[in-house]
Structures are given as structure tokens and as C-alpha cells.
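Reading through the C-alpha cells given below for one structure.
The values are calculated or read from the model by the stated rules, or taken from the named source; none is laboratory data. Bear in mind that the values here come from a model prediction, so they are computed numbers and not experimental data. Quick reminder, even Gly has a Cβ in these numbers, built from the backbone with ideal geometry, and neighbours come from all protein chains shown.
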Amino acid sequence: METLDWKSLPFGYIKTDYNVRCYYRNGKWGELEISSSEYINLHMAATALHYGQEAFEGMKAFMGKDGGIRLFRWDENSLRMKKSAEGIMLAEVPDSLFHDAIVKCVKMNKHFVPPYGTWASLYIRPLLIGSGAQVGVKAANEYLFLVFVTPVGPYFKELFKPVHMMITRTFDRAAPLGTGNIKVGGNYAASLRALDVAHHQGYASALFLDAREKKFIDEAGPANFFGIRDNTYITPESHSILPSITNKSLQQIARDMGMKVEIRPVPIEELETFEEVGACGTAAVISPVSLIFDEATGKTYHFGENDQPGPISAKLYEILTGIQMGDLPDPYGWIEFVD
Ligand SMILES: *Cc1c(COP(=O)(O)O)cnc(C)c1O
């Protein structure tokens with residue numbers, strides 16, 4: 001294969017050699033199939049296309065100094081995909097099938113795992129879609145579970161650089177009792193316009209508020225929100241937030257650093273009191289936020305000094321990425337090697 005320029009990989013799609021697929025038909029999952037095609041043959045009346053019956057996951061494999069390939073907390077992704085399946089009536093993918101599929105896909109594309117030291121990784125994208133034909137509004141009777149991988153560079157070209165965000169009040173990403181808490185494509189479609197408006201105004205992302213009262217911080221674009229004050233890690237509790245595995249991991253690390261962790265509604269006014277603010281998710285791990293603009297009040301909130309990440313965010317980032325890349329011990333059992 002051609003050698004990739006690992007150090008300048010974008011966070012985007014690059015073709016690899018293989019993907020894996022499994023079909024659910026007549027009430028059961030079939031055999032895992034290996035494909036070298038980037039295309040799927042899909043019925044034009046598939047429910048995924050018309051009614052958004054589609055869920056996905058996102059995780060990464062990392063190569064350590066020792067050359068070992070590490071998966072990070074795949075079991076959490078598998079569990080979350082089951083919750084997504086339950087939420088929009090997809091066929092559930094058993095843990096064993098999820099595991100076999102991601103391991104097989106990583107192994108078959110081994111030479112696309114970026115080497116240690118490049119800050120790049122192999123992004124793993126599991127996809128679960130209603131593939132059966134349906135015209136009436138109901139769940140499909142056939143499903144496709146597909147996993148592909150693609151090598152990705154770090155989300156931010158300048159590693160770990162603070163971003164500016166804008167509070168959006170003209171769009172909601174998810175309804176109070178909607179599907180915000182599961183990882184389904186529909187939430188993303190619903191957030192695109194708000195993200196586009198934020199980008200056009202020069203912000204890296206849109207900060208969504210709770211859809212009911214517009215009083216509390218909800219999701220930070222496609223990432224979770226956290227604030228830090230008085231040695232406390234504070235992250236919103238809300239039915240419309242997607243439970244981020246990165247966030248959950250950061251909470252654990254924060255506790256073990258001797259910090260308090262609070263998971264509760266976070267009123268907008270509390271922004272004023274935070275020493276550090278960040279958005280977290282698999283893609284960037286942590287995006288420190290140095291500025292939040294609220295167009296409704298004209299207020300601008302600043303965090304940190306000289307547009308530098310705060311010391312606690314930096315420490316959390318260092319520990320989590322250290323565990324992922326094998327530079328630090330893994331006291332939590334988060335890493336599984338792909339041999
Ligand atoms: C995937 C996702 C996240 C991040 O979750 P991780 O498990 O940390 O990658 C956060 N918010 C939304 C809306 C997401 O879809």
C-alpha cells in the first residue's frame with residue numbers, strides 16, 4: 001500500500017482495505033461478512049433512508065510505543081448502541097457480535113493504524129441501519145450492522161487549542177423527551193443548521209440549551225460540556241444529552257485526582273463562575289473553551305488566560321490520552337489489546 005503521511009492526516013474519511021457487515025433477517029443475525037467495497041446495496045424503501053431508523057458509534061484504536069493496538073472501552077460503545085437500538089426500535093447487536101466486528105475490522109486494516117507518536121489513531125465507525133423496505137411508519141424487518149475504520153489525525157490541527165463557542169437560542173438539537181440521549185443520525189441532522197450558523201459567525205461550535213426552559217447548558221455541539229471550579233468537575237445532567245464515554249472517563253480520572261464531581265443541571269449564569277470550560281468526546285478528547293458568546297444577552301464569558309488551556313483540563317487530557325496510547329498504566333481496565 002501507499003504510505004500515508006500520518007502527521008498531516010485530516011479528521012476525515014480515508015479509504016481502507018476492508019469493512020465488515022452483518023445482516024439481520026427473519027429475526028436473527030447472520031454471519032459476519034468481509035467486504036472490500038465502500039458501497040452498500042440498499043433497498044430504496046429502507047427505513048434508514050426515509051424515517052431515520054439509524055444509529056452509529058464512534059471509537060478509536062491506538063498504537064502504543066510497544067506496537068500494540070489498543071481498543072478503548074469498546075464495551076461502553078456496545079452498551080450504548082444497544083440503548084440506541086432500543087430507543088428507535090432497531091435490532092439489537094449482541095456484545096459478542098459488536099466485539100467480533102470491530103476486532104476483525106481493525107485486524108484486517110492493521111497497516112492503517114497510525115504509528116505511535118503521530119497523535120493520529122484509527123477511528124472505528126459502527127453503523128446500524130434499518131435496511132428492510134417499509135412505506136408505512138414502522139420499524140424495518142431487516143437490519144444491517146456495518147463497521148468501517150479510517151485513520152484520523154488529531155481533531156485540532158494545533159493540538160489542544162482552546163476554541164470559542166456560541167450559545168444558540170434559535171435551534172434545539174433534541175426535544176426534552178426526544179432522542180438526544182441516544183446516538184442516532186437524526187440528532188445530527190437536527191444540529192447541522194445551528195452548527196453552520198455558529199461556524200459562519202466564527203465559532204467552533206454551538207452550545208445548546210435545554211429545550212424546555214432555555215435556562216440550562218445542554219450539549220456542546222456534538223460533544224459533552226464540562227466546567228471546572230474549586231477543584232470540582234461539573235457536567236450537566238439532562239435527558240437530551242448523549243452520555244459521552246470520554247466524559248464518564250474524565251469524571252473517573254478527576255475523582256482519582258482528588259476532585260469532586262457534580263452531575264446536575266448547570267444554569268447559564270454559572271458560566272460566570274467557571275475557571276475552566278471544555279467540550280469532550282472521542283474525536284478531540286477535550287476541546288478547551290476559552291470564550292462563550294450568548295447572542296441573546298450580548299454577554300461574553302471568558303475562561304483561562306492568554307487563550308491557553310487551563311491546568312486541570314490539560315492534566316485530564318494528558319492522563320486520558322496517556323492511558324489510551326499506553327504511556328500511562330491503565331488502572332481501570334479500559335484498554336483491550338487487539339493481537
Ligand atoms: C458521540 C457523542 C458525544 C461523545 O461521546 P464519546 O463517547 O465521548 O465519544 C457527545 N455528544 C454527542 C451528541 C455525541 O453524539
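Quick notes on this one:
- Taking the stretch 48-92 and the strands (runs of 3 or more DSSP E) fully enclosed by it, the elements with 2 or more residues that are buried (at least 16 other Cβ atoms within 10 Å of the Cβ) and either away from the ligand (no atom under 11 Å from the Cβ) or modelled with pLDDT under 95 (or both) are at 59-63, 69-72.
- Where a residue in the stretch 279-300 is more than 16 Å from the ligand (Cβ to nearest atom) and its partner, wherever it lies, is at pLDDT below 95 and of a type in the set (Asp, Glu), with Cβ under 7 Å and at least six apart: SER290/ASP307
- Selection from the stretch 1-37 of residues that are touching a residue at least 24 places away in the same chain (Cβ under 8 Å) and among the acidic types (Asp, Glu): ASP17
- Criterion violated by GLY322 - all others in (1) assigned to a helix (DSSP H, G or I); (2) within 14 Å of the ligand (Cβ to nearest atom) satisfied: (2)
- Residues that are over 20 Å from TRP334 (Cβ atoms), out of contact with any Pro (no Cβ under 6 Å at 6 or more places or on another chain) and part of a strand (DSSP E or B) within the stretch 254-288 comprise LYS260, GLU262, PRO267, GLU276, VAL277, ALA279, SER287, listed in sequence order.
- The number of residues in the stretch 2-33 that are aliphatic (A, V, I, L, M) and in contact with a Cys (Cβ under 7 Å, 6 or more places away or on another chain) comes to 2.
- Test for SER84: is it hydroxyl-bearing (Ser, Thr, Tyr) and over 26 Å from PRO154 (Cβ atoms): yes
- Taken over the stretch 228-253, the criterion of being near the ligand (Cβ under 9 Å from one of its atoms) and assigned to a loop (DSSP other than H, G, I, E, B) is satisfied by ILE241, LEU242, PRO243, SER244.
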